[in-house]
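Student: This is the structure, below, for whatever I ask next.
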Amino acid sequence: MNEQALSVREAITSRRSVKNFNGQPVDLENIVSVLEDARWAPTHGLRNPWRFVVAANQEYVKFQDVLKEYGVPKWKELSEEELEKQMKKFRAPGAVVFVVVKEDVRQKERLEDYAAASALIQNAMLLAWDQGIGTCWKTPPFIDNPKFREELGVKTGERIMSMLQFGYYDDIPKGRVRTPLEDIVTFYGMDDEQEEE
Ligand SMILES: Cc1cc2nc3c(=O)[nH]c(=O)nc-3n(C[C@H](O)[C@H](O)[C@H](O)COP(=O)(O)O)c2cc1C
């Protein structure tokens with residue numbers, strides 16, 4: 001297990017989605033340790049509704065051909081230079097994890113399973129951040145492309161919830177503004193009193 005460097009609060013408030021990775025590969029063992037721990041996300045009925053498709057090291061380099069096919073529109077018509085420019089977004093991360101969730105036929109269970117998998121993804125992002133590895137949860141349209149799904153071995157009744165990119169970075173992105181708490185919280189039973197004052 002890795003030494004923990006950040007408190008939970010520090011990890012949550014300092015984590016940023018990294019969109020500019022520096023191209024350094026991320027070792028498979030780092031990804032495995034993150035996923036091992038991330039699995040402790042809450043899951044109703046212990047349904048463990050998730051599985052992962054991981055591409056790291058040389059496998060990630062090979063996988064970039066698949067990303068080119070599905071993630072770069074009309075890549076066959078582009079010049080070498082233009083294609084390389086487009087491929088930067090896929091070459092810069094060091095590894096990728098596709099989080100695949102079972103789609104329960106029951107609506108409540110399906111929503112709960114999505115919620116549980118979201119908690120798992122946040123766990124993974126925080127654990128990676130603690131190791132100095134950046135992540136970005138991405139949902140490009142091609143994750144729902146039947147041919148891309150087939151390429152990853154995703155079956156009927158499963159959904160790719162996230163293309164979770166992992167990678168090292170040179171600069172920490174600036175924090176993005178969140179809605180102030182006072183705009184989104186109601187303290188039950190206290191609002192009427194304040195309005196009367
Ligand atoms: C469900 C979900 C889907 C996302 N999809 C994308 C995406 O497709 N592309 C992208 O650049 N960022 C994506 N993001 C990342 C958000 O843009 C990012 O979390 C947001 O800008 C806040 O930045 P922060 O995470 O650094 O605080 C996604 C985040 C979530 C939760």
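FYI, it's all coordinate maths here, none of it is from the lab. Every value quoted in this text rests on a predicted model; they were computed, and no experiment measured them. Every residue, glycine as well, gets a Cβ built from its backbone with ideal geometry; the counts of neighbours run over all protein chains shown.
Student: Can you go through 116, 95 and tell me which one is closer than 16 Å to residue 53 by Cα and not hydroxyl-bearing (Ser, Thr, Tyr)?
Tutor: 95
Each row is one residue, and each column tells you yes or no for (1) touching a residue at least 12 places away in the same chain (Cβ under 8 Å); (2) within 24 Å of residue 170 (Cα to Cα).
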position	(1), (2)
30	yes, yes
49	yes, no
55	yes, yes
65	no, no
72	yes, no
87	yes, yes
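Student: Moving to a separate point now. Take residues that are touching a Lys or Arg at 6+ places or on another chain (Cβ under 8 Å) and tell me which of the helices (runs of 4 or more DSSP H) falling wholly in segment 91-197 contain 3 or more.
Tutor: Values: elements: 107-130, 146-152, 181-184, 191-196.
Filter on segment 91-197 gives 107-130.
Student: Any residue at all in segment 89-106 that's within 15 Å of the ligand (Cβ to nearest atom), out of contact with any strand residue (DSSP E or B) (no Cβ under 8 Å at 6 or more places or on another chain), within 17 Å of residue 23 (Cα to Cα) and not charged (D, E, K, R)? Talk me through it step by step, then tell me what you get.
Tutor: As a first pass, look at segment 89-106 and keep what is within 15 Å of the ligand (Cβ to nearest atom): 89-90, 92-93, 96-101.
Keeping just the survivors that are out of contact with any strand residue (DSSP E or B) (no Cβ under 8 Å at 6 or more places or on another chain) gives 89-90.
After this cut, where a residue has to be within 17 Å of residue 23 (Cα to Cα) as well, the list is 89-90.
Next, from what is left, pick out any that are not charged (D, E, K, R): 90.
Yes, the conditions are met somewhere in segment 89-106.
Student: Could you look through segment 38-47, keep only residues that are assigned to a helix (DSSP H, G or I) and over 15 Å from the mean Cα position of the chain (by Cα), and pick out the one that is surrounded by the fewest Cβ atoms within 10 Å (Cβ to Cβ)? Spell out the reasoning first.
Tutor: Initially, segment 38-47 is screened for residues assigned to a helix (DSSP H, G or I), giving 38, 44-46.
Cutting the leftovers down to over 15 Å from the mean Cα position of the chain (by Cα) gives us 44-46.
On the way: 44: 12, 45: 10, 46: 8.
Ranking the qualifying residues of segment 38-47, first place goes to 46.
Student: Ok, one more. Looking at this structure, is residue 81 surrounded by fewer than 16 Cβ atoms within 10 Å (Cβ to Cβ), out of contact with any helix residue (DSSP H, G or I) (no Cβ under 9 Å at 6 or more places or on another chain), part of a helix (DSSP H, G or I) and of a type in the set (Asp, Glu)? Talk me through it step by step, then tell me what you get.
Tutor: Numbers: surrounded by fewer than 16 Cβ atoms within 10 Å (Cβ to Cβ): yes; out of contact with any helix residue (DSSP H, G or I) (no Cβ under 9 Å at 6 or more places or on another chain): yes; part of a helix (DSSP H, G or I): yes; of a type in the set (Asp, Glu): yes.
So residue 81 fits the description; yes.
Student: If a residue has to be under 15 Å from residue 63 (Cβ atoms) and within 12 Å of the ligand (Cβ to nearest atom) to count, how many in segment 161-184 make the cut? Steps first, please.
Tutor: Of segment 161-184, the ones under 15 Å from residue 63 (Cβ atoms) are 163-167.
Next, only the ones that are within 12 Å of the ligand (Cβ to nearest atom) stay: 163-165.
The qualifying residues number 3.
Student: Restricting the search to segment 2-23, which residues are assigned to a loop (DSSP other than H, G, I, E, B) and surrounded by 14 or more Cβ atoms within 10 Å (Cβ to Cβ)?
Tutor: Filtering segment 2-23 down to residues assigned to a loop (DSSP other than H, G, I, E, B) leaves 2-7, 15-16, 18-23.
Result: 6, 15, 16, 18, 19, 20, 21, 22.
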